[in-house]
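For reference, the structure is listed below as structure tokens.
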Amino acid sequence: MSQNNSNDKAAMLAKIEGINKVDGFDPTPFAVDYTDLETGEVRKRLPVMIQMAWFRMKYPEGRIAITVSPGKDCFVATAKVYPSYKDGAECYLAEATASRGYLADKPSVSPREWAQTAAVGIALRNAGFGLQFAMAGDEFEDTATDELNGNSTQAGGSTPPKNPAVTPEPETEEEYTVEPTAPPQRELTFEEKVEQAMRVPCPITKYGGKTLGDVLQMDPKAIQWCATKFTGGEEIRNAAKLICEYAQQKASA
């Protein structure tokens, strides 16, 4: 290869490294080596947790949605990466599917969680989080690194190892969210918590249709009963306790 071609390739790789750039963050120190069992080639990969941290820095409001369903002797997971929790179901940056089966030599490894982790890692890579660490070879091999122990094992889309002694229990497809679906909310003040408690419906039959706040003005003892003797739900009892605490503070002020 000529020097010019080498320089051109280095320049193009530098551009790839700039994908999803976050000021002050360089994923390179977190890259780890793994050996491809088929080719013996040592490659670099980025752990999924680092990919997720990078994604969170790039898209603070982003989310990763995962669906998991049972397959033949395996679990199949599909991950979709969204730049915002507000985005519609089809407005994703990238997606990926991975399957994982039970392994006799790893009885403690959940194939379901393993499939989820693999799908998330591939989807994030497809979205540009770690592309520079999978450049050698041009094509992705049928074997990929084990997300749990760093050893090479079967990747998404291939047939997982079969363990006839273990059969996946039937499941319906479920939806999971890896990241919070909304920005963190500030903690409510005591007064705001009391205001919410006041709006909780009163469970006492004679006060049907009224809130705890309404009943407080009519029958304070009923609120005390809800706080100490009501067993129909923690939400109502906790709300009544908060109102009693508020009433005591107000009385002693």
Being aromatic (Phe, Trp, Tyr) and open to solvent by less than 40 Å² (accessible area, probe 1.4 Å) is the filter here; which residues of region 31-84 pass it? Tyr34, Trp54, Phe55, Phe75, Tyr82
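If I go through region 65-86 residue by residue, how many of them are more than 15 Å from the chain's Cα centre (by Cα) and either at pLDDT below 90 or among the polar types (S, T, N, Q) (or both)? Spell out the reasoning first.
Filtering region 65-86 down to residues more than 15 Å from the chain's Cα centre (by Cα) leaves 69-76, 86.
If we keep only those that are either at pLDDT below 90 or among the polar types (S, T, N, Q) (or both) as well, we get 69-75, 86.
Of the residues in region 65-86, 8 are more than 15 Å from the chain's Cα centre (by Cα) and either at pLDDT below 90 or among the polar types (S, T, N, Q) (or both).
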Residues in region 210-253 that are outside any helix (DSSP H, G or I) and open to solvent by less than 90 Å² (accessible area, probe 1.4 Å): how many? 6
Close pairs (7 angstrom Cβ cut-off, 6 or more residues apart or separate chains): over 12 Å from Leu216 (Cβ atoms) in region 241-253, part of a helix (DSSP H, G or I) anywhere: Lys241/Ala227
Looking across region 16-59 at residues that are assigned to a strand (DSSP E or B) and among the aliphatic types (A, V, I, L, M), the single one that is farthest from the chain's Cα centre (by Cα) is Val42
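The values are calculated or read from the model by the stated rules, or taken from the named source; none is laboratory data. All values derive from a computational prediction rather than experimental measurement. Neighbour counts run over all protein chains shown; Cβ positions are idealised from the backbone, glycine included. Note: accessible area is taken over every heavy atom of the protein model, side chains too, but ligands, DNA and RNA are not part of it. Shrake-Rupley method; radii C 1.70, N 1.55, O 1.52, S 1.80 Å.
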